1. Give me the net charge for the shell around L514: Cβ to Cβ below 13 angstrom, other residues only, Lys and Arg +1, Asp and Glu -1.
2. What does the charge dipole of the stretch 230-433 about its Cα centre add up to, to the nearest 20 debye, if the Cβ of each Lys and Arg holds +1 and the Cβ of each Asp and Glu holds -1?
3. What net charge is computed for the residues neighbouring K260, neighbours being all others with C-beta under 13 Å from the C-beta of K260, Lys and Arg scored +1, Asp and Glu -1?
4. Taking the simple approach of a point 7 Å from Cα along Cα-to-Cβ for both D560 and C426, what is their distance in nm?
5. State log₁₀ I(q)/I(0) for the stretch 230-433 at q = 0.12 Å⁻¹ as given by the Debye formula over alpha-carbon point scatterers of equal weight, solvent excluded.
6. Would you calculate the convex hull of the Cα atoms in the stretch 333-481 and tell me its volume per residue in Å³?
7. Normalized C-alpha radius of gyration of the stretch 481-574, against 2.2 N^0.38 Å?
8. Could you sort 6-18, 48-60 so that the peptide with the highest average Cβ count within 10 Å comes first and the rest follow in order?
Amino acid sequence: KPADLEGDCPFIKADAPCPYGLACRFAGTHKDNAPAATSNLLKKSSEVNGLSKDVQKLLWKNKMRFTKADVVVKSLGLAGPNWKVKKLVDKEEDEVGLDGSHAADETDCKKVVDDSVDCSECPSTFPAAVNAEEACETDELRPLKKAKLVVDEKSSDEGEGATVLEKDNEKNSAETEPADNVLAEPDRSPKISNLKDATVLEKYNEKKSAETEPADDVHAEPDKSLKIHPREKMLIDFREKLYLAPLTTVGNLPFRRVCKTLGADVTCGEMAMCTNLLQGQASEWALLRRHSSEDLFGVQICGAYPDTIARTVELIEKECTVDFIDINMGCPIDIVVDKGAGSFLLTKPLRMKGIIQAASGTVDKPITVKVRTGYFGGKNRIDSLIADIGSWGATAVTIHGRSRQQRYSKLADWDYIHQCAQKAPCTLQVLGNGDIFSYLDWNNRKTDCPELSTCMIARGALIKPWLFTEIKEQRHWDISSQERLNILKEYVRFGLEHWGSDKKGVETTRHFLLEWLSYACRYIPVGLLDVIPQRLNWRPPSYYGRDDLETLMASDSAADWIRISEMLLGKVPDGFTFAPKHKSNAYDRAENG
C-alpha cells in the first residue's frame, strides 16, 4: 500500500464510518474505536439510482419485461415486421413448452438489446383484417394461430400425426361441457372463426387468460388504461432556472455537486446509451446516479430506434428517481452518429416522431429533447419541426445553435434559436444553448428573445463553474487563484466520496480532475482583461498571472495539470501519463468536443 495522503478521510469528516478500512489512503486519520463499515453507508444515504443485482441479472438474461413499452410501440405501428414475428415466437415458447407446460420465465423479451429494427421500413399502421372473421380475432389468440403453423411445419417434416398444440387443445376439449364440443372439430386450431357460440368464445378466452400470466395479457383491453391524457402528464418548469447541461465525461456527479453549491438549479446526468443500459452494464448505469443535493434532476439517454428508447424510459422510470428524461438528438460524435443515433436523427424526422411518441406514451415523466440546428452547415431544419415536436409529446426542447457539421467551431447562431422559439407552440418550452460565458450573455439572450424559457450552460460551466453565481448576483467575479483551488478541493472531496478513498478511487478522482482542468485552463482572470467579458472562443496568449498558482492554472500543458493534481491527491504513480479525451484545449478544430 502506498503511503497515506495528506488530509482527512472524507468519510470520517462526514461523520460516517469509512468502508475502505486499511485500504483507505487516509487510514491514519481513522478513529481507533470507529466501527467498521461493510458497505458505503455515506453513498447509500446521499446517492440514489443504483442498479440492483436482481434487475441486472434480469437484463443480462433478457428476462426483463417491458409491458408498457411494447404496448405503446405496437399501438403506434412502430414494431416492424421482424419485431412482430420475434414477439410471436417468444409468445409461443412462453405459453406452450415441449410437454405442454408453461415456460414463461425462459424465453421472454428476447429482443431487449437488439437495436437492429429500422423504423424507416416500419408501416405507419398495421394492415387491416382481410375479412370479418379475422377482424374478430383477439391479440391473445393470434400468437397461438401463428404457433400452430410453426409447429405443423416441424411435425410434418418429422412425420408426426399431431402437434403439441393440438394435443393440448384436445385435452381442453375433453374437460369442457357438452355444449363446448365445438372445440373438438377436426380443425382444432384456436381460431375464433370456428367458435359459433358467443358463450363458448367467452369461456375459451377465460380459460386461456387463466393459463397465461397477467404480464403476458398486455395486448388486449389494458391498452386504453395505459394511456393518459396529455394534460395529466407531469410537467417541469424550466423558466428562469440555471440549467447545467449534460456533459459527457466531465459532467459527473462530483462536478454537478460543485455546480449546485455555486448556484445551478437544474442538473442532468451524462449521456447514457440505451443499448448499454438494457444490457445491464454497471458503468453505464453509474451515469444515472443522483446526489441528494440535486433537487431538480434529469437523465439523458441516446438511442436510434423507438422500441429501444421506449423500453429504456420504462426501465428508468421503474428503477430510478428522476424528474425528467432527456433524449439526445444532437450528439455529433462519430461513433454515435454511425449507429443512427444522436444528430443523425435530424435527417430522419419520421424516426424522431416515432421516438418521441413512443417515449412520451410509455412514461408519465416529462420527456425533453436536445437537438442541433441541423445536420449539415447552412441547412437548418429544426424551425420546420419545432411545431411538431410539441404535438409528438415533448414538454421541452433544447436547441444548440450549431449544426452537426460545425461541431463546436464558429459561434452559436442565436438568431436562428430565436426564430425557432417564436415558431414553437405555447405548450412547448424552448431552451437555448451555446456560448453562454457571462451574466451579460445570459441577459442578452433572454432579453432578445422573451419566448425562451431559459438557457443551458455547458462549456462555460466547465471553464468557470462560478458562472452560476455571477448570473444570480449579476456581477463579474474576479476570483482569486486560492478561491479556485478551494473549488478544486471541494471537487476532490466529492470525488473521493463518490469513487472511493482507496487507491483505485484516488486515481479515478485524479483522472476526472485532469479532464476538468483541461477546460479550466482556458479561464482568463477578470483583473487581467482589457475587454470585459471574456468570450468563449478567445484564445489568449501565454501570460503570467498575478501569482504563481494563477500562472500554473493558466497553462495548457498536461504536465502542469498533473502538478495541480499532485497538490490535491499526492504524487502520481510511476509512468503516469494523461491525454485529454475531448481535446478541449483546441479552440477552432472541427473535431473539438
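All of the numbers you see were taken from the coordinates with simple rules; none came from a lab. This is a predicted model, so every value here is computed, not measured. Counting neighbours? That spans all protein chains shown, and the Cβs are built from the backbone with ideal geometry, glycine included.
1. -2
2. Numbers: 25 positive and 21 negative charges, 97 e Å.
Dipole magnitude for the stretch 230-433 comes out near 460 debye.
3. Working: positive: K241, R256, R257, R290, K472; negative: D265, E294, D295, E490.
Taking every other residue near K260 into account, the sum is +1.
4. Here the answer is 5.4 nm between the modelled labels.
5. -0.55
6. Details: hull volume 20.1 nm³, N = 149.
It is 135 Å³ per residue.
7. Taking N as the residue count of the stretch 481-574, the ratio is 1.16.
8. Packing proxy ranking, top to bottom: 6-18, 48-60.
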